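Worksheet: one structure, shown below.
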Amino acid sequence: MAASLLKKTSRRCLSQKLIDQDILSQPQTENCTVDVFLKHIIYQTVDVNTKKLLFTSTLKVQMIWEDPVLAWNMSEYPHDQVMLPAKKVWTPHLSVKNAVSSTLEHDSKDLLVFSNGTVIHQVLMSIVVGCDINLYSYPFTTDSCPVYLDGRNSMGCGSIINIGKIYPKGIERGDWRTDSVDNIRDKKGYTYLWVTLSTRSFNPMVTLILPSILIMLADVASFSLPLGGGERNSFKVTLVLSFIMFLIILSDILPGDSLCSPLIRYHFCVCLICLVISMILSMLLTRLGDDGSFVPFSPPRWCSRRDKPSHTEDSPNAADSEPEAPGTGTDPKAEDAALQRVAKYLEGVTAQDRLAHSRKTLANKLDKICFWIYVLFYIVYAMVMVYMSNYYMCAVDNLEF
């Protein structure tokens, strides 16, 4: 008899009695809502996609609520708590208002029910949230994104969420760091997690910023190469092609466009333009030093006419410009004419040397001017970039969606 009574008051008998009620509907209240307390949330940022402006996170949530139907009299069943299958009992449904996609599953097949009707259950959520992350100062980015937790339907019925403690887990994930996760309730009564993220800038700095700076320094240092011979032009062409290949390789790494377009995109654009202009100027100055013109089809225009050798029949460019050796003839007049032709030939050679020297001198002067213009431009550009990345703020309202 005692064994039979013990069996009827056992936990399994109690759990079966609660299951047999077969009540899967929400606890009924006057305002069709149920207060659900999220005792603790273990938050973890899994991935941040800067191309599509999405970030993925997982939440392990422990929920507490009261369901009077599941209460029992301890005088009849002397047990304070019992385990019930989660599928046989109503459980709050949590959703994320601003999620692109979200999944919710039970962390355990069972939940814990107390004699006063208090229910404790734990669920796992996987969330993909669209957030217009402020990437203006990438890779030195810090921004916050909301994760709107909600348990109500379109009619306002469902679960009223109250959040307890939040425990961030896996703070450093890839190139991003989870700085903090705060619980905020807005004026409309919605509760959301305010997740603050920042970039771990070492890897992007080494792979994005540093190579571009070194390539620009190499371009400035290339002005030390001589204009003649083509070594400088070949080096500058190599720099331009290398930078283009660098941008092609990094096309999948660079962040996508947002309301605040990344400043690093403009930086790469300016670097490429400067490299191309530097290459073109080097080619033009090399041409100027060779024949005194920037393009092959224009006549020389940098030297005066008096410096140009006269193209007469007595000039060294004439068909019979080869001078005769003096003293070979017997006629004194012929010797004087030969000496005059030799003198004119030497004068022509000297004029050509002076012309070539003046062209090279002019090209070298313009080259030095271009060098100092480039140096001044890069100094001013560096100051502007530092100011824009540190003092100019681009605001994004992530609460509008």
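The values are calculated or read from the model by the stated rules, or taken from the named source; none is laboratory data. This is a predicted model, so every value here is computed, not measured. Here the Cβ positions follow ideal geometry from the backbone for every residue, glycine too, while neighbour counts run over all protein chains shown. These accessible areas exclude ligands, DNA and RNA; they are computed on the full protein's heavy atoms, side chains included. Shrake-Rupley method; radii C 1.70, N 1.55, O 1.52, S 1.80 Å.
If you go through region 23-36 one residue at a time, do you hit one that is within 20 Å of Leu193 (Cβ to Cβ) and either out of contact with any His (no Cβ under 9 Å at 6 or more places or on another chain) or open to solvent by less than 30 Å² (accessible area, probe 1.4 Å) (or both)?
Looking for residues that are within 20 Å of Leu193 (Cβ to Cβ) and either out of contact with any His (no Cβ under 9 Å at 6 or more places or on another chain) or open to solvent by less than 30 Å² (accessible area, probe 1.4 Å) (or both), one finds at least one in region 23-36, hence yes.
Does Ile42 satisfy the condition of being in a strand (DSSP E or B) and in contact with a Lys or Arg (Cβ under 7 Å, 6 or more places away or on another chain)?
Details: in a strand (DSSP E or B): yes; in contact with a Lys or Arg (Cβ under 7 Å, 6 or more places away or on another chain): yes.
Yes, satisfied.
For region 117-163, give me each residue that is open to solvent by 30 Å² or more (accessible area, probe 1.4 Å) and within 13 Å of Val61 (Cα to Cα).
Correct list: Ile120, Gln122, Leu124, Ser126, Asn162.
If the requirement is being open to solvent by less than 70 Å² (accessible area, probe 1.4 Å), of a type outside the set (A, V, I, L, M), over 26 Å from the mean Cα position of the chain (by Cα) and closer than 24 Å to Ala382 by Cα, which of these qualifies: Ser261, Ser242, Ser251, Ser278? Step through it out loud before you land on a result.
Numbers: Ser261 fails: over 26 Å from the mean Cα position of the chain (by Cα); Ser242 fails: over 26 Å from the mean Cα position of the chain (by Cα); Ser251 fails: over 26 Å from the mean Cα position of the chain (by Cα).
It is Ser278.
Can you pull out the residues in region 71-85 that are under 22 Å from Gln28 (Cα atoms) and either open to solvent by less than 80 Å² (accessible area, probe 1.4 Å) or outside any loop (DSSP other than H, G, I, E, B) (or both)? Can you show your working first?
Applying the first criterion (under 22 Å from Gln28 (Cα atoms)) to region 71-85 yields 71-73, 84-85.
Hits for region 71-85 are Ala71, Trp72, Leu84, Pro85.
Inspect region 94-101 for any residue being within 54 Å of the chain's Cα centre (by Cα), under 30 Å from Tyr192 (Cβ atoms), among the β-branched types (Val, Ile, Thr) and open to solvent by 60 Å² or more (accessible area, probe 1.4 Å) and give the result as yes or no. I'd like the intermediate steps shown before the answer.
So in region 94-101, the residues within 54 Å of the chain's Cα centre (by Cα) come out as 94-101.
Those still in the list that are under 30 Å from Tyr192 (Cβ atoms) too: 94-101.
Still in the list and also among the β-branched types (Val, Ile, Thr): 96, 100.
Keeping just the survivors that are open to solvent by 60 Å² or more (accessible area, probe 1.4 Å) gives 100.
Yes - at least one qualifying residue is present in region 94-101.
I'd like the residue in region 197-226 that is open to solvent by less than 20 Å² (accessible area, probe 1.4 Å) and over 19 Å from Met385 (Cβ atoms) and, out of all such residues, is nearest to the chain's Cα centre (by Cα).
Kept after step one, since they are open to solvent by less than 20 Å² (accessible area, probe 1.4 Å), are these residues of region 197-226: 197-199, 204, 208, 212, 216, 219, 222.
Now drop any that are not over 19 Å from Met385 (Cβ atoms), which leaves 197-198, 222.
On the way: Leu197: 14, Ser198: 12, Ser222: 30 Å.
The extreme case among them is Ser198.
Consider region 51-70. How many of its residues are open to solvent by 20 Å² or more (accessible area, probe 1.4 Å) and not basic (Lys, Arg)?
In the first step, residues of region 51-70 are kept if they are open to solvent by 20 Å² or more (accessible area, probe 1.4 Å); the result is 51-54, 56, 58, 60, 62, 64, 66, 68-69.
From what is left, the residues that are not basic (Lys, Arg) are 53-54, 56, 58, 62, 64, 66, 68-69.
Final tally of qualifying residues: 9.
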